[in-house]
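Accompanying notes for the structure given below.
The values are calculated or read from the model by the stated rules, or taken from the named source; none is laboratory data. These numbers were taken from a predicted model, which means no experiment stands behind them. With ideal geometry, Cβ positions are generated from the backbone for all residues, glycine too; neighbour counts draw on all protein chains shown. Surface accessibility is based on the protein's heavy atoms, side chains included, excluding ligands, DNA and RNA. Shrake-Rupley method; radii C 1.70, N 1.55, O 1.52, S 1.80 Å.
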Amino acid sequence: MRAYIYFVLAITAMFFMSCSVEYPEDSLIPEGRLMAEPTRNIPFIIRGYGDMTLTPPHITHNTECDGLTLIETEGVSTEATFGRFTTRTRICTNREDYYMVRGVHHFPDGDELFFHSVQYVETEGHVQHTLVFNKGTGQFAGATGTVILNEEINFHDIMHGTYTFEGEGTLIIPR
């Protein structure tokens with residue numbers, strides 16, 4: 001009797017092991033993509049200040065903004081997780097209703113985090129803009145996320161000024 005039970009278990013095991021399931025071609029996971037990339041969602045709480053310079057559209061070296069004013073900023077930023085770093089931006093604007101912000105955070109270890117604007121609203125000396133992180137280097141390679149900044153601008157003359165800002169958002173970094 002014991003031999004019969006072992007025989008039935010062996011036949012059953014062979015039966016289940018020999019079964020194959022066929023899936024339609026389009027339902028297979030692409031090679032190398034077995035699971036979604038694990039990520040870290042980091043609250044991005046930032047403050048900063050710096051200087052800005054305006055380059056009017058008639059200045060010959062301002063070819064980047066195609067007839068618009070170029071505003072270049074450089075300043076110091078401090079973020080809750082990553083500490084102190086340098087931030088540089090280039091803003092193309094008609095100074096009325098169009099602002100395209102592109103920038104980079106330069107970290108002391110050489111890593112960089114790039115961003116651009118998706119929304120920019122200016123009212124008498126104050127600006128609120130939504131920035132999107134779109135790539136980076138080092139620990140920020142593949143980074144994404146958004147931050148909403150509130151900024152105050154003070155012009156010293158027609159071409160120079162200072163700014164301060166603070167903002168919050170989320171930075172998503174692949175592990």
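Filtering Thr164, Thr146, Thr130, Thr87 for residues that are farther than 19 Å from Ile71 by Cβ and hydroxyl-bearing (Ser, Thr, Tyr) leaves a single hit, Thr146. Could you check, for the stretch 157-170, whether at least one of its residues is at pLDDT below 90, surrounded by 15 or more Cβ atoms within 10 Å (Cβ to Cβ) and either in contact with a Ser or Thr (Cβ under 9 Å, 6 or more places away or on another chain) or aliphatic (A, V, I, L, M) (or both)? The answer is no, given that none of the residues of the stretch 157-170 is at pLDDT below 90, surrounded by 15 or more Cβ atoms within 10 Å (Cβ to Cβ) and either in contact with a Ser or Thr (Cβ under 9 Å, 6 or more places away or on another chain) or aliphatic (A, V, I, L, M) (or both). A residue that is of a type in the set (Ser, Thr, Tyr) and more than 19 Å from the chain's Cα centre (by Cα) occurs nowhere in the stretch 145-155. Filtering the stretch 140-161 to residues that are touching a strand residue (DSSP E or B) at 6+ places or on another chain (Cβ under 8 Å) and within 19 Å of Arg95 (Cβ to Cβ) leaves Leu149, Glu151, Glu152, Ile153, Asn154, Phe155, His156, Ile158, Met159, His160, Gly161. In the set Thr137, Thr130, Thr123, Thr164, only one residue is in contact with a strand residue (DSSP E or B) (Cβ under 9 Å, 6 or more places away or on another chain), free of Cβ contacts under 8 Å to residues at least 24 places away in the same chain and among the hydroxyl-bearing types (Ser, Thr, Tyr); that residue is Thr130.
Restricting attention to the stretch 123-141, the residues that are surrounded by fewer than 18 Cβ atoms within 10 Å (Cβ to Cβ), aliphatic (A, V, I, L, M) and touching a His at 6+ places or on another chain (Cβ under 8 Å) total 1.
Limited to the stretch 122-137, what total is found for residues that are more than 21 Å from Pro43 (Cβ to Cβ) and either among the aromatic types (Phe, Trp, Tyr) or not in a strand (DSSP E or B) (or both)? Full working, then the answer.
As a first pass, look at the stretch 122-137 and keep what is more than 21 Å from Pro43 (Cβ to Cβ): 122-127, 137.
Checking the rest, the ones that are also either among the aromatic types (Phe, Trp, Tyr) or not in a strand (DSSP E or B) (or both) come to 124-125, 137.
Number satisfying all stated conditions: 3.
The set of residues in the stretch 138-150 that are closer than 14 Å to Ile46 by Cα and touching an Asp or Glu at 6+ places or on another chain (Cβ under 9 Å) comprises Val147, Ile148, Leu149, Asn150. Considering the stretch 57-121, the qualifying strands (runs of 3 or more DSSP E), each wholly inside and each with 1 or more residues that are among the aromatic types (Phe, Trp, Tyr) and open to solvent by 20 Å² or more (accessible area, probe 1.4 Å), run over 99-106.
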